[in-house]
Every structure is written in structure tokens, then in C-alpha cells.
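The values are calculated or read from the model by the stated rules, or taken from the named source; none is laboratory data. Here the structure is a predicted model, which means the values were calculated and not measured. FYI the Cβ positions are ideal-geometry reconstructions off the backbone, even for glycines, and counts take in every protein chain you see.
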Amino acid sequence: MKDTGINSGYMILQYTSAALASENKGMCFPSSADSIPTSLGQEDHVSMGSIGGRKALRVIENVEKILAIELLTAAQAFEYRKPLKSGIFLG
């Protein structure tokens with residue numbers, strides 16, 4: 001941008017997206033890799049399916065936020081390109 005001024009606030013969106021993507025990478029570690037013996041060692045694992053499901057839900061929620069940020073910044077980019085128009089599919 002030629003003159004950042006108040007528009008430098010969009011940099012925070014980049015930080016937020018990067019943080020959410022980084023959190024997603026950590027959440028994608030397999031839950032089954034962390035197994036805990038139970039019943040005096042008779043059971044060698046405990047199902048971590050519920051933990052994996054909760055982590056997957058969190059990843060989806062983060063992706064929704066990342067996509068919302070992408071949409072917001074794309075809309076701003078269209079404003080900077082005026083009077084040019086986008087392709088026929090975007091209007």
C-alpha cells in the first residue's frame with residue numbers, strides 16, 4: 001500500500017489467520033498417539049475418539065474464521081482495484 005495509515009489494521013488479520021492456522025497444525029496431531037493404560041494394565045489403551053472429535057470441531061471452527069478473514073480482505077482488495085471489475089463469475 002502506498003499510504004498505510006489506518007489501513008495497517010489489516011496486518012492484525014494476517015497475524016490472527018497465522019495463529020489460527022498454527023493452532024490447527026497442533027490440533028492435527030493424532031489423538032490415538034496418546035494412550036493411557038487402565039484397569040490395572042488389563043486395558044492397554046483408552047479410546048481417544050471423543051478427543052479427536054473435539055479437536056476436529058475446533059479445527060473446523062478455526063477454518064471458518066480464517067475463511068471469513070480471507071473474504072474480508074478480498075472485499076477490501078476489490079475496493080482498491082476500482083474502477084476495474086472482477087470476472088463474470090464474481091460480478
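For the range 47-59, check the following and say yes or no: at least one residue is out of contact with any Gly (no Cβ under 9 Å at 6 or more places or on another chain), farther than 30 Å from residue 79 by Cα and at pLDDT below 75. Checked against the condition, which is being out of contact with any Gly (no Cβ under 9 Å at 6 or more places or on another chain), farther than 30 Å from residue 79 by Cα and at pLDDT below 75, the range 47-59 yields at least one hit.
Residues of the range 71-91 that are touching a residue at least 40 places away in the same chain (Cβ under 8 Å) and either more than 26 Å from residue 17 (Cα to Cα) or hydrophobic (A, V, I, L, M, F, W, C) (or both): 72 alone. Looking at the range 1-11, can you tell me whether even one residue there is at pLDDT 85 or above, outside any loop (DSSP other than H, G, I, E, B), under 25 Å from residue 78 (Cα atoms) and within 17 Å of the chain's Cα centre (by Cα)? Within the range 1-11, one or more residues are at pLDDT 85 or above, outside any loop (DSSP other than H, G, I, E, B), under 25 Å from residue 78 (Cα atoms) and within 17 Å of the chain's Cα centre (by Cα).
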